[in-house]
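J.: Structure below; questions to follow.
The values are calculated or read from the model by the stated rules, or taken from the named source; none is laboratory data. Given the structure is predicted, the values throughout are model-derived calculations rather than measurements. Note: ideal-geometry Cβ built from the backbone for every residue, glycine included; neighbour counts use all protein chains shown. Areas reflect the complete protein model, heavy atoms only, side chains present, ligands, DNA and RNA absent. Shrake-Rupley method; radii C 1.70, N 1.55, O 1.52, S 1.80 Å.
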Amino acid sequence: MIHLSRLRMGRLEGYDWPAYFSRNARRKLLVEFTAETYLTEQEKALIFPSMRMFQAGEASDGKHLLETAERYVKKSGDESYLEAIRWFVAEENRHSDYLKKYMEYYGVRPEKTIWLDRWFRRLRKLGGLKGEIIVLTTAEMIALSYYRALSECTDSQVLRRICRQMLHDELRHLVFQSCTLHKLKSNPVEELLRICLMQMTIWAVWPRLRKVLTVGGFSYWHFYRESMGYLRQSIRIAGQGEIR
Ligand SMILES: [Fe+2]
Ligand SMILES: [Fe+2]
């Protein structure tokens with residue numbers, strides 16, 4: 001597990017998230033294949049089923065999230081949050097594009113919707129902005145282990161660069177969302193809910209991610225411990241407003 005203090009983000013109170021996201025948008029990844037060593041059929045069968053799932057998950061238009069954020073901003077007057085969340089949605093769409101380009105290079109079609117994603121999207125709509133963020137961060141914490149494992153599955157330098165970029169961005173997303181939960185004042189019941197949701201999600205995604213995670217060095221318990229470790233860090237930021 002990567003400890004979030006390694007990001008050296010300094011004090012989180014008053015952190016300028018729109019400035020961070022706009023800076024990060026300028027260092028977006030160029031996915032180009034001149035040095036790509038072609039994947040074997042075995043490697044393709046290993047990585048693409050789960051990659052299609054993540055590509056579909058990253059592709060949300062963010063409509064509901066943006067509407068919920070707008071309602072929150074109207075009440076709170078926190079204009080910079082709206083700006084930050086717009087940048088955030090654009091960044092997630094870039095993630096989806098990176099994976100889509102990689103899949104297209106190998107003639108793999110994107111998946112339209114998957115049951116887990118449909119389930120997640122429904123769940124997000126139940127609890128206002130907090131609900132949206134709790135579900136989103138759960139998926140992002142799972143993604144952290146997944147992209148780490150995925151980069152170990154092949155020698156593809158293009159895929160490794162994509163995974164590196166995903167990790168860079170998703171670690172900061174986790175901090176961003178946890179800071180929002182701090183602003184929204186998280187409570188022990190919600191913390192318990194987050195723990196239950198994470199445990200259910202780990203159990204639900206394991207069959208679909210098992211091959212990539214195992215080849216990438218994760219046993220079920222390693223994946224479980226790492227995901228719960230990220231959750232612990234997120235809960236700490238949501239409670240204290242700082243990375244400790
Ligand atoms: Fe993402
Ligand atoms: Fe994310």
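J.: Going through the stretch 65-97 one residue at a time, which ones are away from ligand 2 (no atom under 16 Å from the Cβ), touching an Asp or Glu at 6+ places or on another chain (Cβ under 9 Å) and either closer than 24 Å to G107 by Cα or in contact (Cβ under 8 Å) with a residue 24 or more places away in the chain (or both)?
T.: Listed by number, the residues that qualify are T68, Y72, S80.
J.: While we're looking at this one, here's another question. Kindly evaluate Q42 against the criterion of being within 18 Å of the chain's Cα centre (by Cα), of a type in the set (S, T, N, Q) and more than 19 Å from T180 (Cα to Cα).
T.: The answer is no for Q42.
J.: Quick one: how many residues across the stretch 88-106 are more than 13 Å from ligand 1 (Cβ to nearest atom) and hydrophobic (A, V, I, L, M, F, W, C)? Talk me through it step by step, then tell me what you get.
T.: At the first step, the residues of the stretch 88-106 found to be more than 13 Å from ligand 1 (Cβ to nearest atom) are 101-106.
When the remaining residues are screened for being hydrophobic (A, V, I, L, M, F, W, C), the result is 103.
Counting residues in the stretch 88-106 that are more than 13 Å from ligand 1 (Cβ to nearest atom) and hydrophobic (A, V, I, L, M, F, W, C) gives 1.
For every residue, the table says whether it meets (1) within 30 Å of L213 (Cβ to Cβ); (2) over 22 Å from the mean Cα position of the chain (by Cα).
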{"residue": "L4", "(1), (2)": "yes, no"}
{"residue": "M9", "(1), (2)": "yes, no"}
{"residue": "S22", "(1), (2)": "no, no"}
{"residue": "T37", "(1), (2)": "yes, yes"}
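J.: Taking S151 as the residue in question, decide whether it is within 16 Å of ligand 1 (Cβ to nearest atom), polar (S, T, N, Q) and touching a residue at least 40 places away in the same chain (Cβ under 8 Å).
T.: yes
J.: Among the residues of the stretch 16-37, write down those that are at pLDDT 95 or above and hydroxyl-bearing (S, T, Y).
T.: Result: Y20, S22.
J.: Looking at the stretch 124-140, which of the residues that are without any contact (Cβ under 8 Å) to a residue 40 or more places away in the chain and over 13 Å from the mean Cα position of the chain (by Cα) is surrounded by the fewest Cβ atoms within 10 Å (Cβ to Cβ)?
T.: L126
J.: Something else now. Check Q157, Q177, Q199 and return the single one that is in contact with a helix residue (DSSP H, G or I) (Cβ under 9 Å, 6 or more places away or on another chain) and more than 16 Å from ligand 1 (Cβ to nearest atom).
T.: Selected residue: Q199, the only one of Q157, Q177, Q199 that is in contact with a helix residue (DSSP H, G or I) (Cβ under 9 Å, 6 or more places away or on another chain) and more than 16 Å from ligand 1 (Cβ to nearest atom).
J.: Further question: Report, by residue number, each residue of the stretch 141-156 that is open to solvent by 10 Å² or more (accessible area, probe 1.4 Å) and either modelled with pLDDT under 95 or within 10 Å of the chain's Cα centre (by Cα) (or both).
T.: Selection gives D155 alone.
J.: Conditions: (1) touching a helix residue (DSSP H, G or I) at 6+ places or on another chain (Cβ under 9 Å); (2) part of a helix (DSSP H, G or I); (3) more than 16 Å from ligand 1 (Cβ to nearest atom); (4) not small (G, A, S). R109 meets all but one. Number of the miss?
T.: (2)
J.: I've got another one for you. Return the total of residues in the stretch 207-234 being in a helix (DSSP H, G or I), more than 21 Å from Q177 (Cα to Cα) and open to solvent by less than 40 Å² (accessible area, probe 1.4 Å).
T.: Residues flagged as in a helix (DSSP H, G or I), more than 21 Å from Q177 (Cα to Cα) and open to solvent by less than 40 Å² (accessible area, probe 1.4 Å) within the stretch 207-234 amount to 4.
J.: Please enumerate the residues belonging to the stretch 13-57 that are closer than 17 Å to A84 by Cα and crowded, with 19+ Cβ neighbours inside 10 Å.
T.: Within the stretch 13-57, W17, F21 meet the criteria.
J.: Right, next: On the basis of being away from ligand 2 (no atom under 15 Å from the Cβ), assigned to a helix (DSSP H, G or I) and over 22 Å from W206 (Cβ atoms), does R172 make the cut? Steps first, please.
T.: On the way: away from ligand 2 (no atom under 15 Å from the Cβ): no; assigned to a helix (DSSP H, G or I): yes; over 22 Å from W206 (Cβ atoms): yes.
No: the conditions fail for R172.
J.: Could you please give the count of residues in the stretch 58-86 that are modelled with pLDDT of 95 or more, within 16 Å of ligand 1 (Cβ to nearest atom) and surrounded by fewer than 20 Cβ atoms within 10 Å (Cβ to Cβ)?
T.: 1
J.: Exactly one of (1) touching a Cys at 6+ places or on another chain (Cβ under 9 Å); (2) more than 14 Å from ligand 2 (Cβ to nearest atom) is unmet by M103. Its number?
T.: It fails just one condition, (1).
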